[in-house]
Amino acid sequence: DGGITQSPKYLFRKEGQNVTLSCEQNLNHDAMYWYRQDPGQGLRLIYYSQIVNDFQKGDIAEGYSVSREKKESFPLTVTSAQKNPTAFYLCASSITGPGTEAFFGQGTRLTVV
Amino acid sequence: KQEVTQIPAALSVPEGENLVLNCSFTDSAIYNLQWFRQDPGKGLTSLLLIQSSQREQTSGRLNASLDKSSGRSTLYIAASQPGDSATYLCAVRLRTNAGKSTFGDGTTLTVKP
């Protein structure tokens, strides 16, 4: 089945640690996105990539980093510089260009302990 | 900067009612508008995608309309069922940056048996 797989589903981070969230898609989509969702709020864009080896900051990129070495993969690292990382993280992908539908993974819930 | 607003934030209706969810946006130069459903702790499922050249889209009991001139979209749900209970989010993709979407905060719908 084609789709987007995020792992792990739940992740716990200690203060000062970096953690990496995985996002893999087999939809052959060029564009991939990372969003953060806080309780009762919509999604805010962290980073996006429209082609391999290229990515752009979204609205809340501080404290996060990404890489796009393969078309299928777009991992997100939450660094120790992110002061309030507890949130629900969603990865999405779409065909590059306007008017295209976005598909989402099932999310990773990150909690700082 | 595009702003997307969804009203009401929460809605509770008895089973069988027809209902309307609202989404408004400030910049009418959009490529498309997409309605999503999100169940608690889950990712987003695309319901309907309306291109900027379209006025409405229908899928089963769902009908979404788009009025760019007034900056509004509505999602109409006919004959609501308890299984429709979820949070509904709208997302707008602008012409100026087709890779990014702006999300509303969502409307949480509860359909009571």
Got a sec? Which strands (runs of 3 or more DSSP E) wholly within segment A:1-80 have at least 1 residues that are in contact (Cβ under 8 Å) with a residue 24 or more places away in the chain and β-branched (Val, Ile, Thr)? A:4-7, A:19-25, A:43-51, A:64-66, A:76-78
Taking the condition of being of a type in the set (S, T, N, Q), part of a strand (DSSP E or B) and either surrounded by 16 or more Cβ atoms within 10 Å (Cβ to Cβ) or without any contact (Cβ under 8 Å) to a residue 40 or more places away in the chain (or both), how many residues in segment B:8-31 meet it? 1
Looking at B:SER73, is it in contact (Cβ under 8 Å) with a residue 40 or more places away in the chain, outside any strand (DSSP E or B) and not hydrophobic (A, V, I, L, M, F, W, C)? no
With respect to B:LEU75, is the statement that it is farther than 30 Å from A:LEU11 by Cβ, surrounded by fewer than 19 Cβ atoms within 10 Å (Cβ to Cβ), touching a strand residue (DSSP E or B) at 6+ places or on another chain (Cβ under 8 Å) and modelled with pLDDT of 95 or more true? no
Does A:THR20 qualify as being loosely packed, with under 14 Cβ neighbours inside 10 Å, modelled with pLDDT of 95 or more and in contact with a strand residue (DSSP E or B) (Cβ under 9 Å, 6 or more places away or on another chain)? yes
Which members of segment B:40-72 meet the condition of being closer than 25 Å to A:LEU90 by Cα, surrounded by fewer than 16 Cβ atoms within 10 Å (Cβ to Cβ) and among the β-branched types (Val, Ile, Thr)? B:THR45
Residues of segment A:89-98 being buried (at least 18 other Cβ atoms within 10 Å of the Cβ) and either more than 8 Å from every other protein chain (Cβ to nearest Cβ) or not in a strand (DSSP E or B) (or both), which ones? A:TYR89, A:CYS91, A:SER93, A:SER94
Here is a check on your reading of the model: is A:SER49 surrounded by 15 or more Cβ atoms within 10 Å (Cβ to Cβ) and facing chain B (nearest Cβ under 10 Å)? yes
Of a type in the set (A, V, I, L, M) and within 12 Å of another protein chain (Cβ to nearest Cβ) - does that describe any residue in segment A:66-87? no
Options B:ALA29, B:ALA86: the member that is more than 10 Å from every other protein chain (Cβ to nearest Cβ) and closer than 22 Å to A:PHE88 by Cβ: B:ALA86
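The values are calculated or read from the model by the stated rules, or taken from the named source; none is laboratory data. Treat the numbers as computed from the prediction; the structure is a model and nothing was measured. All Cβ positions, glycine included, derive from the backbone under ideal geometry; neighbour counts span all protein chains shown.
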